[in-house]
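Take a look at the structure set out below.
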Amino acid sequence: FGETLENGMTILDAAVGPDGIKLDGETAFKLYDTFGFPVDLTADIGRERGFEVDMAGFEAAMAVQQQRSRGAGKFVAKGTVVYDGAKTDFKGYETLSANGRVLALYRDGSSVKELTAGETGIVVLDKTPFYAESGGQVGDVGTLSNTSTGAAFEVADTLKIQADVFGHYGVVASGSLKIGDSISANVNLDMRAHVMRHHSVTHIMHKALRETLGAHVQQKGSLVDADKTRFDFAHNAPMTNAEIAKVEAMVNAEILQNEPTSAKVMALDVAQKTGAMMLFGEKYGDEVRVLEIGSSKELCGGTHVARTGDIGLFKIVSEGGVAAGVRRVEAVAGSVAFEYVQGMEKQLQSTAALLKAQPQEVEAKVSALLENIKSLEKQLGKLKSKVAASQGDDLLSQAVDVNGVKVLAAKLEGVDAKGLRDTMDQVKNKLKSGVIVLAVVEGDKVQIAAGVTPDLIAKYKAGELVNHVAQQVGGKGGGKPDMAMAGGTDPSQLAPALASVQAWVAAK
């Protein structure tokens, strides 16, 4: 939980900033969904720091995710499918097209004899080239067709109904399918090629990670699809840029070797004696498939490229923590990696154009800009301090006497949250004894500071006072007896809220 908290706070600080007044719902949902950061904890931190969480945006993002999950699972009814028949003969290692016979059909999880046009269902064949989702690799997509009847079934996913029984999940595009029909099964070549590249490079990357980071690196989860390889592994520290670069160099060097890959079926104990690793943590039978690709040798039942050179370019696109002691790397290969690099180059060129510089000059230009910004921020800070000081002197004359207590409640202009605090400190020092409320409006938000001098905190609490004012402008807050901050969302009520301070003091 400590690491979850640390990851979440890093993202939270970057999203909100030191003077933030609102956290967008998308970021709050990312903290919750990706990093396990509870939204109520995010809201608590917001109340403590004076910013609010866009809960409507969070709920909207949650609804989109739930809808996406329902969409992804619309074909998955394997939990209710009852099958008692022959096993599926998988031909997908050798070919992407095969002829098979329909053994079973399912609609809404129930066995049927026929599926007709427009109906969603599951088709079980005696032979198929379609790879069923397993070992982190997604299932194949493609088409089942019968040219003699005009029937066509669009396969959206392939999953295992049983260990050796493959279910083709999808919809009948035309005609109808019946049990016993002869079917031509054709896998989508382009998607399979993308998936194979990403799966094959995962093995080489795993080996490179172990050699770079240490033998403690072990696979903790994976997802291989047409767009990427996502690999979770045991490691207790973020990878440095140098380590990422080293892994990329090692993997691309093996790709350039263009060595042939090989897959052999052997007894499990024999495979283990060869030193083959179990990459995806499957439950293996007595016989296993040992994949040798580059310098990697692992147990894997997935589909792979014929030669390492078929992978093409390899690029790590992200690295981060997902749990205590577990890191996640996402990488791309082949044409996906090429498109990624082109996109990065386009961004670099656009940035260079904005800076009126050549791409190779961007780093120096940005460094110069950052130094200039730092200098300007220092100057701005000094100016704000002068403004705060001048306003502090002017404000003293606005203090009124309420039953022997000096009370000052005023709105400031042209200062930020830091300036508000600085002005409060100056006014308290100069007033010597009194109760003070200062506020500033930024857009549609209100920032409020309350202060009580040491001699009066026994009777007047700044936390109670700031909350009293904040509630009138659509917010709340709190803090120490001598100094407290709050935020609000209704600037239109600020004037009467400040006017109520005298009555609050009088009532005490």
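The values are calculated or read from the model by the stated rules, or taken from the named source; none is laboratory data. The structure displayed is predicted, hence computed values, not measured ones. In this analysis, Cβ positions are derived from the backbone assuming ideal geometry, glycine residues included, and neighbour counts consider all displayed protein chains. These accessible areas exclude ligands, DNA and RNA; they are computed on the full protein's heavy atoms, side chains included. Shrake-Rupley method; radii C 1.70, N 1.55, O 1.52, S 1.80 Å.
Residue pairs whose Cβ atoms lie under 8 Å apart, separated by 6 or more positions or on different chains, with the first residue in region 200-224 and more than 20 Å from Ala249 (Cβ to Cβ) and without any contact (Cβ under 8 Å) to a residue 24 or more places away in the chain and the second open to solvent by 10 Å² or more (accessible area, probe 1.4 Å) and part of a strand (DSSP E or B), are His216/Ala234; Gln218/Ala234. Flag set for Ala486, criterion: within 39 Å of the chain's Cα centre (by Cα), crowded, with 19+ Cβ neighbours inside 10 Å and either assigned to a loop (DSSP other than H, G, I, E, B) or modelled with pLDDT of 90 or more (or both).
Pairs are defined by a Cβ separation below 6 Å, a sequence spacing of at least 6 or placement on different chains, a first member in region 452-463 that is at negative phi, and a second member that is outside any helix (DSSP H, G or I) and of a type in the set (S, T, N, Q); the pairs so defined are Thr453/Ser433; Asp455/Ser433.
Candidates in region 247-273 are the residues that are part of a helix (DSSP H, G or I) and touching a strand residue (DSSP E or B) at 6+ places or on another chain (Cβ under 7 Å); of these, the one that is nearest to Arg210 (Cα to Cα) is Val247. Each residue in region 225-240 was checked for being out of contact with any helix residue (DSSP H, G or I) (no Cβ under 7 Å at 6 or more places or on another chain), touching a residue at least 40 places away in the same chain (Cβ under 8 Å) and open to solvent by 40 Å² or more (accessible area, probe 1.4 Å), and 3 pass. Within region 134-149, the residues that satisfy the criterion of being touching a Ser or Thr at 6+ places or on another chain (Cβ under 6 Å) and either open to solvent by 20 Å² or more (accessible area, probe 1.4 Å) or charged (D, E, K, R) (or both) are Gly136, Asp140, Ser145.
Looking for whichever is closer than 23 Å to Met485 by Cα and open to solvent by less than 80 Å² (accessible area, probe 1.4 Å) here; the options are Gly46, Gly25. Which one fits? Being closer than 23 Å to Met485 by Cα and open to solvent by less than 80 Å² (accessible area, probe 1.4 Å) holds for just one of Gly46, Gly25, which is Gly46. Annotation: Ile244 fulfils all but one of (1) part of a strand (DSSP E or B); (2) under 25 Å from the mean Cα position of the chain (by Cα); the unmet one is (1). Scanning region 415-446 for residues that are open to solvent by 60 Å² or more (accessible area, probe 1.4 Å), in contact with a helix residue (DSSP H, G or I) (Cβ under 8 Å, 6 or more places away or on another chain) and within 25 Å of Ala503 (Cβ to Cβ) returns a single hit, Lys430.
Among residues of region 241-254 being touching a residue at least 12 places away in the same chain (Cβ under 8 Å) and farther than 20 Å from Leu299 by Cα, the one that is least open to solvent (accessible area, probe 1.4 Å) is Val247. Residues in region 489-501 that are in a helix (DSSP H, G or I) and open to solvent by less than 60 Å² (accessible area, probe 1.4 Å): Pro491, Leu494, Ala497, Leu498, Val501. Residues in region 447-474 that are crowded, with 24+ Cβ neighbours inside 10 Å and farther than 14 Å from Ala484 by Cα: Val473 only. Scanning region 254-312 for residues that are at pLDDT below 95, within 20 Å of Asp225 (Cβ to Cβ) and of a type in the set (Asp, Glu) yields Glu282, Glu298.
Scoring Gln360 on the criteria (1) assigned to a helix (DSSP H, G or I); (2) modelled with pLDDT of 90 or more; (3) surrounded by 16 or more Cβ atoms within 10 Å (Cβ to Cβ) leaves a single failure, condition (3). The residue list Val329, Val322 contains one member that is surrounded by 16 or more Cβ atoms within 10 Å (Cβ to Cβ), modelled with pLDDT of 95 or more and outside any helix (DSSP H, G or I), which is Val329.
A single member of Ile183, Ile161 is modelled with pLDDT under 95, in a strand (DSSP E or B) and among the aliphatic types (A, V, I, L, M), and it is Ile161. For region 211-222, name all the residues that are modelled with pLDDT under 95 and touching a strand residue (DSSP E or B) at 6+ places or on another chain (Cβ under 9 Å). Correct list: His216, Val217, Gln218, Gln219, Lys220, Gly221, Ser222.
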